1. Could you work out how far the C-alpha centroid of segment A:21-96 sits from that of segment B:8-57, in angstrom?
2. Starting from 0.36 nm per residue, how many nanometres of slack lie between residue A:29 and residue A:154 once their C-alpha separation is accounted for?
3. Assuming R0 = 30 Å, can you tell me the calculated FRET efficiency for the pair residue A:22 and residue B:16, based on Cβ-Cβ distance, to the nearest 0.05?
4. On C-alpha positions alone, give me the angle between the axis of helix B:28-54 and the longest principal axis of chain B, in degrees, nearest 10.
5. Identify unpaired cysteines across the protein assembly as shown, taking unpaired to mean no other cysteine Cβ lies under 4.7 Å from the residue's Cβ.
6. Nearest 10 degrees is fine. How inclined is helix A:39-65 to the longest principal axis of chain A, computing both from alpha carbons?
7. With respect to the cross-link table entries A:153/B:106; A:117/B:60; B:73/B:142; A:153/B:142; B:60/B:126, which display a Cα-Cα separation exceeding 28 Å?
8. Between residue A:130 and residue A:142, what length in nm is gained on full extension when 0.36 nm per residue of separation is reduced by their alpha carbon distance?
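Coordinate-derived values only; no laboratory data. If you're wondering where the values come from, they're calculated on a predicted model, not measured in any experiment. With ideal geometry, Cβ positions are generated from the backbone for all residues, glycine too; neighbour counts draw on all protein chains shown.
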Amino acid sequence: MGDLLFNITDWMRGTVLLDWAFWMQETAFSLFMVENFWNVPIAQAIHILSIGAAFGSVLMVVLRVNGMAGAGLTFEQTAARFVPWVRWSLLVIVLSGLSMIMAEPVRNMINAVFWIKMIALIVMVLVSLSWIGSVRAAAQTAGAAYVGTSGAKSTGWVIMALWCLIIVCGRWIAYVPV
Amino acid sequence: MYYPEPTTIWESIQYSPLGIFIAESTWAFPTIETIHVIALVTVLGTIFVMDLRLLGVASKNYPVTAMSRDTLKWTWGGFVLAAITGTLLYVSKTSSYMINPFFMGKMALLAIAGLNMAYFHSVTWKTVDNWDTSPVVPTGAKVAGITSLIFWITIVFFGRAIGFTLGIYDCYMVGQGDNGFIVNMLAGIACAGA
């Protein structure tokens, strides 16, 4: 696994990604991020806090579909409470993530695990959007008694697993052989 | 690899077979750290949900007891997992953690956050029947909510700061130059016998 990831990273070194990373490294924002010792840790702390906010909100929606939380509430009430928090948290995740990429462009852009993380992030967002749409439609007439079908329930847990995969990749960007 | 004879209790922990294994393995530390992060975001996420209800910011029409039932088991499950994985990370570099002001600060904040939660559950929670379904919560519950948010945000920042400052502080620095009151105080704990 380590060899495969290293080989992909090595291949990336010969692509235009390296030129982009070098260009990013020279931008004023990148220089700002690295000139103060605390800028990167602060960006990482904001990144983790917003992941926490999104992760907790998604968990509550998944639990509601599984009939394990939000008793007495319709799905729409649960979604109205938590979905906006997921959206805004995702925005903060992306912005803090971008500032971390700008701080260390080569370390991130020339890294197979970083790109696996980005693909997993896109898949997670697409699966979540499609899932929330179909659950909304199915839950409309059921009211507070709504509990998801076995397919809806397990897709919810797949979304939680995708979040975990993204977190795994996020941590291993720092450790994978490059 | 050669390890010196331990001169402090912290070095004895660090140079134990478990400590050496985690420190030397290429996969153990990152794997444990990853599980620590997943456990941590579970704790954070569910605490945020509960704190926002206590502050009357969100879920205002959902009973506080129901919210507690939905979140608390996940908060505790995540916390136990974070504590186990955190201990394993600590064992691998005990001496460095013990003299790190952000690590010690994080432990102190965790203790205070725990006391805050214990006070809330043993005192404020007793009257919950009176405000369970009310969008307006008593001041005691609001204070518990806002202090919990502040503590946990600071705990995350300190947690990240540890990773950036580990090894900056060391026992050989003690008595050399001006290290500040906190580092000197921690050195008294971390370097005793060294």
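1. Answer, in whole Å: 20.
2. That works out to 40.8 nm of additional length.
3. Calculated value: 0.10.
4. Helix B:28-54 and the main axis of chain B meet at about 30 degrees.
5. Isolated Cys, the protein assembly as shown: A:164, A:169.
6. 20
7. Values: A:153/B:106 37 Å; A:117/B:60 36 Å; B:73/B:142 21 Å; A:153/B:142 34 Å; B:60/B:126 20 Å.
The answer is A:153/B:106; A:117/B:60; A:153/B:142.
8. Full-extension gain reported as 2.4 nm.
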